[in-house]
Structures are given as structure tokens and as C-alpha cells.
Amino acid sequence: MYEFIKGVVADIQPSYIVLEANGIGYQLVMGNPYRYSGKKTQEVKVYVHLIVREDAHTLYGFEKLQEKLLFLRLISVSGIGPKSAIAIMANDDHEGLIAAIESDDVTYLTKFPGVGKKTAQQMILDLKGKLGELAGELTGNLAMPLFDTDTSALTEAISALSALGYSEREIKRVETTLKKEGAHSTDEYLRKALKLLMKK
């Protein structure tokens with residue numbers, strides 16, 4: 001129904017951004033809303049996909065068309081809903097995801113929240129050989145000129161991890177490392193955390 005929305009980034013929350021276009025604030029659920037931290041109050045183009053359920057109409061947002069296409073492939077897999085798909089996509093290593101599917105790497109896939117062995121095998125069965133055209137198109141993201149030196153950036157990143165479905169135990173495991181290493185922004189903290197979670 002909708003392909004994209006062009007508007008101004010009005011607000012950023014742990015699980016979504018608000019994009020204001022023509023006087024309407026659209027809530028767009030995203031894997032990493034903080035990649036837009038440096039774009040607040042600027043006009044951006046966000047690709048969207050609307051999912052209609054009995055109890056909700058939810059718009060999912062993506063920086064690139066290829067990300068939207070990957071999301072659509074993921075939700076076509078039995079056992080993967082939009083929430084799981086967006087959590088999988090929060091990790092920027094989309095190339096690694098595609099490589100894991102192509103090489104039958106069940107262990108890598110089960111590191112995502114909500115993905116068990118059965119779902120990982122289903123992903124491989126349904127998507128192997130079908131993501132090649134997306135590889136190479138998914139790297140590179142918005143540059144983050146914003147620098148945030150206080151602890152609120154880490155707090156926001158932790159909230160985002162929780163919104164993605166990571167358990168308190170998993171979050172605590174990476175929090176110490178994040179505090180030790182530090183980061184310049186919420187986006188950077190979140191990217192680091194997701195990389196650490198995939199290494200477990």
C-alpha cells in the first residue's frame with residue numbers, strides 16, 4: 001500500500017521513530033531507530049511496509065529498499081513474524097545473515113531473539129538461494145555526526161535491545177563491555193551490543 005514516506009524525523013524512541021509528513025506523525029517501527037539520531041529535524045526518505053492485524057496497523061520503516069525486501073523475505077518464513085524479522089535486521093551484518101543462510105549455519109541464526117533451531121532450519125529451507133540479489137546492496141548506513149558522551153546513550157541502547165526482544169540476562173552480559181569500551185552515540189552503542197550478542 002505504501003512504498004515510502006518522506007518527512008522530518010520528529011522523535012526517536014527505543015523501537016521506533018516518528019516521521020512527520022504533511023502534518024501527520026507516522027510511527028515507524030525499526031530495528032535500530034537511533035541510526036537517525038544525527039538526522040533529527042531533517043527531512044529523510046524512509047521505505048515502509050504496513051502490516052494489518054486485528055488489534056493493530058503497524059508501519060515498519062527501512063533506510064533502504066533492499067532492507068525492506070529482506071524484511072519481506074524474512075516474514076514469508078513460517079515461524080518468523082514482523083517483530084522477529086525486525087530484531088534480526090537490527091544487526092547491521094545483513095551480509096553475515098545471508099552467508100549463514102547460504103551455508104546452513106543454524107548456530108549463527110539461533111543467536112537472534114525468538115529464533116530457535118526449528119525456525120533457523122526453516123529460514124535456510126525457505127530462503128537459501130533466494131537472497132543473492134540483495135547481497136552487496138545492504139551495506140553502509142547513515143553517518144552519525146552526533147556525539148553523546150553521557151550515560152543516556154547507553155541507557156537508550158539498552159532500552160532498544162529490550163524492545164528487540166533480548167533477555168535481561170543477555171543484555172547484562174554485554175552491558176559491562178559497553179560501559180568499559182564506551183561509544184559516541186546511542187546508535188554506536190546499539191551496533192556494538194548487537195555485534196557482541198552475535199558472538200556468544
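The values are calculated or read from the model by the stated rules, or taken from the named source; none is laboratory data. Fair warning: this is a prediction, and the values are worked out from it, not measured in the lab. Every residue, glycine as well, gets a Cβ built from its backbone with ideal geometry; the counts of neighbours run over all protein chains shown. Just the protein is used for accessible areas: all its heavy atoms, side chains included, with ligands, DNA and RNA removed. Shrake-Rupley method; radii C 1.70, N 1.55, O 1.52, S 1.80 Å.
Here are some notes:
- Checking each residue in the range 17-45 for being in contact with a Pro (Cβ under 6 Å, 6 or more places away or on another chain) and modelled with pLDDT of 95 or more picks out only Ile17.
- Taking the range 26-46 as the range and being open to solvent by less than 50 Å² (accessible area, probe 1.4 Å) and farther than 18 Å from Leu70 by Cβ as the test, the residues that pass are Tyr34, Tyr36, Ser37, Gly38, Val44.
- Between Thr177, Thr107, Thr149, the distinction of being over 24 Å from Leu69 (Cβ atoms) and modelled with pLDDT of 90 or more belongs to Thr107 only.
- For the residues Gln66, Gln27, the requirement of being of a type in the set (S, T, N, Q), part of a helix (DSSP H, G or I) and touching a residue at least 24 places away in the same chain (Cβ under 8 Å) singles out Gln66.
- Subset tally (residues that are part of a helix (DSSP H, G or I), charged (D, E, K, R) and farther than 15 Å from Ile88 by Cβ) for the range 118-132: 1
- Among the residues of the range 47-90, just one is among the hydroxyl-bearing types (Ser, Thr, Tyr), under 14 Å from the mean Cα position of the chain (by Cα), modelled with pLDDT of 95 or more and surrounded by fewer than 21 Cβ atoms within 10 Å (Cβ to Cβ), namely Tyr47.
- Considering residues of the range 114-132 that are in contact with a Lys or Arg (Cβ under 9 Å, 6 or more places away or on another chain) and modelled with pLDDT under 90 only, the residue surrounded by the most Cβ atoms within 10 Å (Cβ to Cβ): Leu131
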